[in-house]
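**Student:** Dropping the structure in here first, questions after.
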Amino acid sequence: MNPLKSITGTIVSGFVLAAIIAIAAGMKGFGVLQVEVWLHAIVGIAWVGLLYYFNFIQVPAVAQALGEASNGGPGPAAINKYVAPKALLWFRWAAIATWVTGVGALQNLGDGGALKAFTFADGFAVIGIGAWLGTIMMLNVWLLIWPNQKKILGLDGKEHSADAIAKAKVVALMASRTNVVLSVPMLLSMTGFAHGLHF
């Protein structure tokens, strides 16, 4: 039985290997904060990875497929029917998981760490900027990108006019591109706090 033949088996194998490495390396002090930061990094990579996938791969691929559909090409149906809904499911829940684990990790930094970060208290400005940028990005996913993608892909069970779909495409694209822009300074703030960047 090969665990790599299933998604669940692959994920579980990664966690088992991490536990083996932690035990074999004799890691000490692996507490709640370290677990939350570790999980935050894992789900954050999934979220930002999918954000980059949508913007740099899927959107251009769908545009190309649309352009070639009139010349006998396959069109974007396969991407929009099979790939996009699954990717959006992982995308939106990874956004929530990233935010929740991030706030949990901030809270475990010390007495009221989350409040200190979100109010830019002394020593928390760098991570606070990252926390606010991540919050804006998560809200963009749930309030702008996902509702409009449901219209675009017909996942909301309603009929929409061509104008409504065109408008939804613009809103979803601009919110997604905004998240790409915000991800760069957000990642600077997150890694900078952990590695001693002060500003």
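Quick note: the coordinates plus some simple rules give every number you see, no bench work behind them. All values derive from a computational prediction rather than experimental measurement. Cβ atoms come from the backbone with ideal geometry, glycine included; neighbour counts cover every protein chain shown.
**Student:** Across the Cα atoms of the range 139-199, what radius of gyration and what greatest pairwise Cα-Cα distance (Dmax) are found, in Å?
**Tutor:** Every Cα atom of the range 139-199 included, Rg and Dmax give 16.3, 52 Å.
**Student:** Oh, and also: Among Gly104, Gly157, Gly75, which one moves the most in a GNM of the chain with springs linking Cα atoms closer than 10 Å?
**Tutor:** In the Gaussian network model the winner is Gly157.
**Student:** Treating the Cα atoms of the range 25-79 as identical point scatterers in vacuum, please give the log10 of the normalised Debye intensity I(q)/I(0) at q = 0.20, 0.23, 0.28, 0.30 Å⁻¹, two decimals.
**Tutor:** Calculated log10 I(q)/I(0) at the listed q: -0.76, -0.86, -0.99, -1.05.
**Student:** Go through 87-97, 1-11 and give me the packing order, highest mean Cβ count within 10 Å leading.
**Tutor:** Taking the mean over residues of other Cβ atoms within 10 Å, the ranking is 87-97, 1-11.
**Student:** Still on this structure: Among Gln58, Pro185, Ile96, pick out the residue whose Cα is farthest towards the positive end of the charge dipole of the range 31-194, where Lys and Arg carry +1 and Asp and Glu carry -1 on C-beta, about the Cα centre.
**Tutor:** Working it through, the farthest residue towards the positive pole turns out to be Gln58.
**Student:** Just in the range 8-63: which chymotrypsin sites (Phe, Trp or Tyr not before Pro) are loop by DSSP and have at most 16 other Cβ atoms within 10 Å?
**Tutor:** Phe30
**Student:** With an 8 Å Cα cut-off and a minimum separation of 6 or more residues, compute the relative contact order for the range 58-163 in percent.
**Tutor:** Normalised by residue count, the contact order of the range 58-163 is 17 percent.
**Student:** Give the angle, between 0 and 90 degrees and rounded to the nearest 10, that separates the Cα long axis of helix 84-107 from the longest principal axis of the Cα atoms of the chain.
**Tutor:** 20
**Student:** Can you list the equivalent-ellipsoid semi-axes of the range 84-199, largest first and in whole Å, using the square root of 5 times each Cα gyration tensor eigenvalue?
**Tutor:** 33, 14, 10
**Student:** Just the number, please: Stokes-Einstein D of the chain in µm²/s, Kirkwood Rh from C-alpha pairs, 10 °C, 1.306 mPa s.
**Tutor:** Stokes-Einstein gives a translational diffusion coefficient of 84 µm²/s.
**Student:** Given the options Leu109, Gln149, Ala121, identify the residue whose Cα lies farthest towards the positive end of the charge dipole of the range 101-160 (+1 on Cβ of Lys, Arg; -1 on Cβ of Asp, Glu).
**Tutor:** Checking the options against the dipole of the range 101-160, the answer is Gln149.
**Student:** With charges only on Cβ, +1 for K and R and -1 for D and E, what is the dipole size of the chain about its Cα centre, in debye, rounded to 20?
**Tutor:** Charge dipole, the chain, about its Cα centre: 340 debye, nearest 20.
**Student:** Report the Cα centroid-to-centroid distance between the range 1-78 and the range 123-187 in angstrom, as an integer.
**Tutor:** Comparing the Cα centres of the range 1-78 and the range 123-187, I get a distance of 19 Å.
**Student:** Just to check, using Stokes-Einstein with a Kirkwood Rh over alpha carbon pairs, what's the diffusion coefficient of the range 1-49 at 37 °C and 0.692 mPa s in µm²/s?
**Tutor:** 268
**Student:** Also: For the chain, what is the relative contact order in percent, using Cα pairs closer than 8 Å and at least 6 residues apart in sequence?
**Tutor:** Once normalised by length, the contact order is 20 percent.
**Student:** Trypsin sites (Lys or Arg not before Pro) within the range 96-199: which are DSSP loop residues with at most 11 other Cβ atoms inside 10 Å?
**Tutor:** Passing sites in the range 96-199 are Lys158.
**Student:** Then there is this: Where does helix 59-69 land angle-wise versus the long Cα axis of the chain, in degrees 0 to 90, nearest 10?
**Tutor:** Approximately 20 degrees, to the nearest ten.
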